[in-house]
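Encoded as structure tokens, the structure appears first; notes follow it.
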């Protein structure tokens, strides 16, 4: 095989790889923008706002703000919940703490099973069912917020992948330019 033919093939393959990486990077940026805008819009529609900064000054167990919430939640004080990172913080460090307090450390399933064992219509049953409903609603909201966080995180991964694709495409384009220069300088009669 002639060296010039071999160089042309490798250079064109390099160009093809660069084009593929540019397209992949563009799709990654699209995925990032899609995930971010959807998470932002869906969370903004919910109108969830973090407690104001003043609430963190009287943190006590059993109140709206407990001392364990301060390191994570206080950084978002008074802000509307609109990002995946905020959704994770609210779900894991605000709702989860309250669910633990309300349910005494028991899950929805455990509380529901215990409530069903009580005599129907009794005051204990009514109180247990009210607690079960509250824990169910909190658990559901927490799960939905964590889904928003997961979707947002996938968008972040798409952003990093897109950046990597663009960097690799640039490197491949540089190699392709060198390949074209080498191909043009290679003598017609050179063999591999």
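Among the criteria (1) within 23 Å of the chain's Cα centre (by Cα); (2) more than 30 Å from residue 166 (Cβ to Cβ); (3) outside any helix (DSSP H, G or I), the one residue 75 does not fulfil is (3). Out of contact with any helix residue (DSSP H, G or I) (no Cβ under 7 Å at 6 or more places or on another chain) and at pLDDT 95 or above: is that true of residue 163 in this structure? For residue 163, the condition - out of contact with any helix residue (DSSP H, G or I) (no Cβ under 7 Å at 6 or more places or on another chain) and at pLDDT 95 or above - is met. When you look at residue 18, is it surrounded by 13 or more Cβ atoms within 10 Å (Cβ to Cβ), in a helix (DSSP H, G or I) and under 26 Å from the mean Cα position of the chain (by Cα), yes or no? Judged against the criteria, residue 18 is not a match. Criterion applied to 180, 136, 175 was being in contact with a helix residue (DSSP H, G or I) (Cβ under 6 Å, 6 or more places away or on another chain), under 30 Å from residue 41 (Cβ atoms) and touching a residue at least 12 places away in the same chain (Cβ under 8 Å), and the one residue passing it is 136.
Does residue 43 count as within 33 Å of the chain's Cα centre (by Cα), over 24 Å from residue 191 (Cβ atoms) and surrounded by 15 or more Cβ atoms within 10 Å (Cβ to Cβ)? In short, yes. Give region 114-123 a look and list any residue that's surrounded by 13 or more Cβ atoms within 10 Å (Cβ to Cβ) and part of a helix (DSSP H, G or I), or say none. Answer for region 114-123, where residues must be surrounded by 13 or more Cβ atoms within 10 Å (Cβ to Cβ) and part of a helix (DSSP H, G or I): 114, 115. Residues that are within 30 Å of residue 161 (Cα to Cα), in a helix (DSSP H, G or I), in contact with a helix residue (DSSP H, G or I) (Cβ under 8 Å, 6 or more places away or on another chain) and touching a residue at least 40 places away in the same chain (Cβ under 8 Å) do occur in region 41-62, at least one of them. Put simply, of 111, 141 the only residue that is without any contact (Cβ under 8 Å) to a residue 60 or more places away in the chain, closer than 24 Å to residue 39 by Cα and part of a helix (DSSP H, G or I) is 141.
The values are calculated or read from the model by the stated rules, or taken from the named source; none is laboratory data. Treat the numbers as computed from the prediction; the structure is a model and nothing was measured. Quick reminder, even Gly has a Cβ in these numbers, built from the backbone with ideal geometry, and neighbours come from all protein chains shown.
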